[in-house]
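Report on the structure given below.
The values are calculated or read from the model by the stated rules, or taken from the named source; none is laboratory data. The model shown is predicted, which means the values in this text are computed figures rather than measured ones. As a convention, Cβ positions derive from the backbone with ideal geometry for all residues, glycine included, and neighbour counts pool all protein chains shown. Side chains included, ligands, DNA and RNA excluded: accessible areas come from the protein's heavy atoms. Shrake-Rupley method; radii C 1.70, N 1.55, O 1.52, S 1.80 Å.
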There are 2 protein chains.
Amino acid sequence: MKVIVIGATGAVGKAVVEELGQRHEVVSVGARGGEYQVDFADIAQVRDLFAKVGKVDAVVVTAGKLHFAPLASFTPEQFHVGLNSKLMGQVNVALVAQEYLNDGGSITLTSGIVAEEPIRNGASASMVNSAIEGFVRGAAIELPRGLRINVVSPTVLQESMGSYGPFFVGFEPVAAARAALSYARSVDGAQTGKVYKAW
Amino acid sequence: MKVIVIGATGAVGKAVVEELGQRHEVVSVGARGGEYQVDFADIAQVRDLFAKVGKVDAVVVTAGKLHFAPLASFTPEQFHVGLNSKLMGQVNVALVAQEYLNDGGSITLTSGIVAEEPIRNGASASMVNSAIEGFVRGAAIELPRGLRINVVSPTVLQESMGSYGPFFVGFEPVAAARAALSYARSVDGAQTGKVYKAW
């Protein structure tokens with residue numbers, strides 16, 4: 001299979017590239033690194049990317065910014081960071097991927113444990129991650145040609161505990177390589193509309 | 001209790017006003033009707049509203065636009081209809097309400113059954129309704145002074161079957177008066193971070 005991984009240079013993305021690269025041809029895309037660079041919040045750039053890469057069998061997204069702040073001081077503009085990046089960036093990829101996926105191909109997006117298990121300063125994270133899971137439930141029933149769409153919800157990564165650890169006290173971190181298995185289940189499996197919980 | 005109902009002139013809102021009006025002082029707010037008019041997608045207008053109404057014990061929102069379209073032709077701009085209106089409109093109200101609610105007061109938002117049970121043309125509805133539920137889970141753990149926040153997820157209303165019926169074949173519609181009971185449980189009850197399913 002030919003698989004595009006958008007967010008390939010991040011902590012999750014690197015592990016996904018390694019996992020999927022064992023048996024598939026991976027095209028790595030990053031905001032600044034990777035074979036192709038794209039700001040996926042801009043659907044025009046996503047269209048350009050797919051026009052260059054052409055037909056694929058799977059698309060994985062492991063990218064997206066979120067703003068963390070106390071609810072008492074959160075502004076609409078700060079909520080729009082996550083809405084424009086992690087949510088609509090991934091939706092942009094799904095919308096464009098519909099046209100470039102071979103029959104039976106798949107889209108795999110990324111949410112996060114905070115969708116279900118809230119943390120302080122995480123109102124936007126809970127909102128955006130839940131929105132992605134809702135989008136996947138909605139999109140799954142409309143995709144034609146046997147196309148599938150799933151989402152992986154990772155908990156905090158062992159590799160990210162240096163920066164995120166203080167926000168996730170008591171959460172059991174997962175190794176990126178283990179989280180990557182959920183992406184493999186989505187890409188190589190046959191399910192659709194599913195949230196794979198990597199926790 | 002003094003309760004603001006935003007969306008008071010809609011099908012759900014009217015029933016909520018009737019239900020809560022039996023024992024509370026209700027301030028009705030609409031986009032065009034009601035005692036006060038506000039475009040809640042604009043947080044400045046929400047701030048003006050609360051500055052005029054002053055301290056309250058509960059805030060209920062039963063408003064919000066969503067765009068419905070086939071996934072194959074959905075555009076980012078069409079997703080932004082629901083993100084700006086039903087999602088961020090309600091979030092704007094919650095953000096401002098924090099400052100105007102008396103101790104122990106409550107915020108009750110509205111999602112919808114499509115968050116969990118997708119329908120054709122409903123990718124944005126599934127996304128936005130899930131986002132609202134995620135926001136409520138996240139916000140609930142941060143609100144101070146015993147403030148609470150919940151969300152009601154109604155199924156299609158009996159009163160709306162004329163317009164929405166064709167999208168909800170096989171769904172059992174609920175009377176608006178029955179859906180309104182979920183809002184009463186949120187306002188008069190003691191739970192927080194909860195999704196009340198009116199279906």
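Considering the rotational relationship between chains A and B, which residue of chain A contributes the beta-carbon of minimal distance to the axis, and what is that distance to the nearest Å?
Closest to the axis: A:131, 2.
How much of the accessible area of the stretch A:2-198, in percent, comes from carbon and sulfur atoms when a 1.4 Å probe is used?
49
Which whole number gives the average count of other chain Cβ atoms within 10 Å of the Cβ atoms across peptide B:73-79?
4
At a probe of 1.4 Å, how much accessible area disappears from chains B and A on forming the pair, both sides counted, to the nearest 100 Å²?
The contact between A and B buries close to 2800 Å².
I'd like the distance between the alpha-carbon centres of the stretch B:26-72 and the stretch A:78-101, rounded to an integer number of Å.
So the separation of the two Cα centres works out to 27 Å.
Taking springs between alpha-carbon atoms closer than 10 angstrom, which of B:136, B:174, B:46 fluctuates most in the Gaussian network model of chain B?
Result for chain B, Cα springs under 10 Å: B:174 fluctuates most.
Taking the Cα atoms of chain A, report the difference between the largest and smallest coordinate on each principal axis, in whole Å and largest first.
So the extents along the principal axes, rounded to whole Å, are 46, 33, 32.
Let me know the mean shielding of B:39-46 by other chains, meaning the per-residue number of their Cβ atoms within 10 Å of its Cβ.
What the average comes to for B:39-46 is 1.
Could you pull the copy-to-copy label distances for residue B:99, with points set 7 Å along Cα to Cβ, in nm to one decimal and sorted shortest first?
Taking the point 7 Å beyond Cα along Cα→Cβ, the inter-copy spacings are 4.5 nm.
Please identify, among A:155, A:75, A:108, the residue showing maximal mean-square fluctuation in a Gaussian network model of chain A using a 10 angstrom Cα cutoff.
Result for chain A, Cα springs under 10 Å: A:75 fluctuates most.
Shortest first, in nm, what separates the label point of residue B:55 from those of the same position in the other copies (7 Å along Cα→Cβ)?
Inter-copy label distances (nm, one decimal, shortest first): 6.8.
Using alpha-carbon pairs under 8 Å, 6+ residues apart, how would you state the relative contact order of the stretch B:2-198 in percent?
Value for the stretch B:2-198: 21 percent.
Need one number: the % of Cα-Cα pairs in the stretch A:49-137 sitting beyond the 21 Å mark.
Across the stretch A:49-137, Cα pairs with separations above 21 Å total 35 percent.
What percentages, rounded to whole numbers, describe P(r) for the protein assembly as shown computed over all alpha carbon pairs with 20 Å bin width beginning at zero?
Binned Cα distances yield the sequence 29, 54, 16, 0.
What does the net charge come to around residue B:142 if you take all other residues with beta carbon closer than 13 Å to its beta carbon, with K and R at +1 and D and E at -1?
+4
In the structure displayed, which of A:14/A:86; B:2/B:65; B:86/B:194; A:52/A:197; B:65/B:197 lie more than 23 Å apart, Cα to Cα?
B:2/B:65; A:52/A:197
For label points placed 7 Å from Cα toward Cβ, what is the shortest-first list of nm distances from residue B:22 to its copies?
6.1
Just checking the output field for B:142-150: average partner chain Cβ neighbours within 10 Å of each residue's Cβ?
2
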